[in-house]
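The values are calculated or read from the model by the stated rules, or taken from the named source; none is laboratory data. Fair warning: this is a prediction, and the values are worked out from it, not measured in the lab. With ideal geometry, Cβ positions are generated from the backbone for all residues, glycine too; neighbour counts draw on all protein chains shown. The accessibility values were calculated without ligands, DNA or RNA, using every heavy atom of the protein model including side chains. Shrake-Rupley method; radii C 1.70, N 1.55, O 1.52, S 1.80 Å.
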Amino acid sequence: MDGALVREIGTKGLLIGAGALVLFWIVNAIKLVIGARGINPLVKQFFNQIASGRVDGAYLLTTKAYRQHVNRQEFIKFLASLQLNRYRNLKSGRPRIEDDQIILTLKLKSEDKKSELPLDFTFIKVDKDWRIDRIKKTNL
């Protein structure tokens with residue numbers, strides 16, 4: 001085979017592969033945006049419930065599986081350990097899809113922006129609504 005022909009075929013193959021990769025990322029980005037609708041209002045509702053002292057309301061925004069593994073007292077103890085009253089701002093990271101779950105790292109920041117608390121929230125769809133399936137303190 002001619003060297004120029006091999007290079008041309010290789011270049012075309014590379015372009016096709018790159019095009020397929022770009023298409024893959026675009027499709028996944030669209031799936032993520034469409035699929036994640038409803039998560040931001042859930043996060044807002046969760047923190048509003050806690051801020052207004054309605055911990056039971058926040059607890060009920062979790063999945064049944066979560067509530068089977070984490071009872072109400074453990075949930076309250078976990079929230080108390082986070083010292084949420086120290087934080088005023090919330091920054092959302094980029095969501096990640098794993099199977100039928102969406103994992104979102106939320107960074108709570110203190111008013112003076114000197115302290116930060118990263119939390120991984122795992123969301124799962126129950127019927128048509130998103131629910132919190134896991135909350136985990138992370139080390140970023």
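Details
- Among the criteria (1) small (Gly, Ala, Ser); (2) under 18 Å from residue 128 (Cα atoms); (3) modelled with pLDDT under 60, the one residue 38 does not fulfil is (3).
- Listed conditions (1) of a type in the set (A, V, I, L, M, F, W, C); (2) open to solvent by less than 90 Å² (accessible area, probe 1.4 Å); (3) more than 14 Å from the chain's Cα centre (by Cα); (4) at pLDDT 90 or above are all met by residue 43, apart from (3).
- Yes/no for residue 91 being within 18 Å of the chain's Cα centre (by Cα) and closer than 20 Å to residue 123 by Cβ: yes
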